[in-house]
1. Give me the number: length gained by fully extending A123 to A58, i.e. 0.36 nm times residue separation minus the C-alpha to C-alpha distance, one decimal in nm.
2. Restricting to the chain, compute how many DSSP beta bridges are antiparallel as a %, nearest 5.
3. Can you order the peptides 146-155, 124-133 by their average number of other Cβ atoms within 10 Å per residue, highest first?
4. Taking all protein chains in place and a 1.4 Å probe, what share, in percent, of the accessible surface of the chain do carbon and sulfur account for?
5. Please check which bits of region 138-159 a label hung off R174 would reach, taking the label as a point 7 Å along Cα-to-C-beta and the cut-off as backbone N under 18 Å.
6. Can you tell me how much longer the chain between R17 and A65 gets when fully stretched, taken as 0.36 nm per residue apart minus their C-alpha distance, in nm with one decimal?
7. With each label point set 7 Å from Cα along the Cα-Cβ vector, what nm distance links R158 and T2?
8. With the cut-off at 1.5 for a/c, could you classify region 60-112 from its C-alpha gyration tensor as rounded, prolate or oblate?
Amino acid sequence: MTTPHAAIVLAAGGSTRLGRPKQLLRREGEALVARAVRLVGDTGPCRLVVMLGASRDAVAAELHAAPGAELHDVAAWRTGLSASLRAAAHVLRGHSGPVLITGVDQPALDAAHLRALLDGARAAPSGCAALMHGTRPGAPAVLSPALFAQAGGLDGDRGFGALLAALPDDALFRLHAPALARDVDTPDALRAAQAEGLLDRDA
């Protein structure tokens with residue numbers, strides 16, 4: 001029997017380049033953090049952990065109706081992405097299955113992308129799958145237990161991208177979805193996403 005996957009939604013970042021919490025941007029009235037949690041929850045994870053940091057209370061308030069979501073604070077969120085991943089690995093200690101990881105700043109993300117990654121990881125020799133950002137693998141991603149176990153070695157503002165890139169070419173399932181590679185990190189990116197209808201315009 002296949003071991004069920006756990007899921008991590010990374011929502012602790014300070015959005016310094018954007019200048020406002022990207023977690024609270026909205027698509028069709030729904031905050032991006034709530035949308036990410038809903039989409040991830042629909043994949044049926046055995047556990048769904050949401051890592052919080054910047055704008056903690058406002059972000060958590062958007063998740064009051066998220067069934068099954070476990071909210072966890074990242075004390076060292078200011079030090080970068082690795083702090084959230086290390087904290088999530090501690091929360092999920094003992095989990096022996098794959099782990100789905102996503103952020104909240106890809107407004108084009110939908111359920112089909114997440115299903116493709118989970119299906120691809122099950123078929124991949126490494127048990128891993130990742131969205132391709134150009135030539136680089138990144139989030140959303142599905143990690144095998146062996147790769148996720150290396151979270152303790154991460155540092156600074158780096159995630160699992162380098163470890164995924166180091167896998168043999170035929171061992172990693174690669175998802176090509178150019179719309180997802182456009183995240184919302186800057187005011188220009190925000191305006192572009194709003195113009196495309198991917199995000200609500202400011203009131």
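1. Details: separation 65, 0.36 × 65 = 23.40 nm, distance 3.89 nm.
Residue separation times 0.36 nm, minus the Cα-Cα distance, leaves 19.5 nm.
2. Numbers: 10 of 29 bridges.
Of the beta bridges lying entirely in the chain, close to 35 percent run antiparallel.
3. On the way: 146-155: 15.6, 124-133: 20.4.
Ranking the peptides 146-155, 124-133 by packing returns 124-133, 146-155.
4. Details: 5050 of 9630 Å².
Result for the chain: 52 percent of the exposed heavy-atom area is carbon or sulfur.
5. 138-143, by backbone N distance to the label point.
6. 14.4 nm
7. In this crude label model, R158 to T2 measures out at 3.2 nm.
8. Values: a/c = 1.34, a/b = 1.20, b/c = 1.11.
Rounded.
The values are calculated or read from the model by the stated rules, or taken from the named source; none is laboratory data. In this text, all values refer to a predicted model and were calculated from it rather than measured experimentally. All Cβ positions, glycine included, derive from the backbone under ideal geometry; neighbour counts span all protein chains shown. Only protein heavy atoms, including side chains, enter the accessible area calculation; ligands, DNA and RNA are left aside. Shrake-Rupley method; radii C 1.70, N 1.55, O 1.52, S 1.80 Å.
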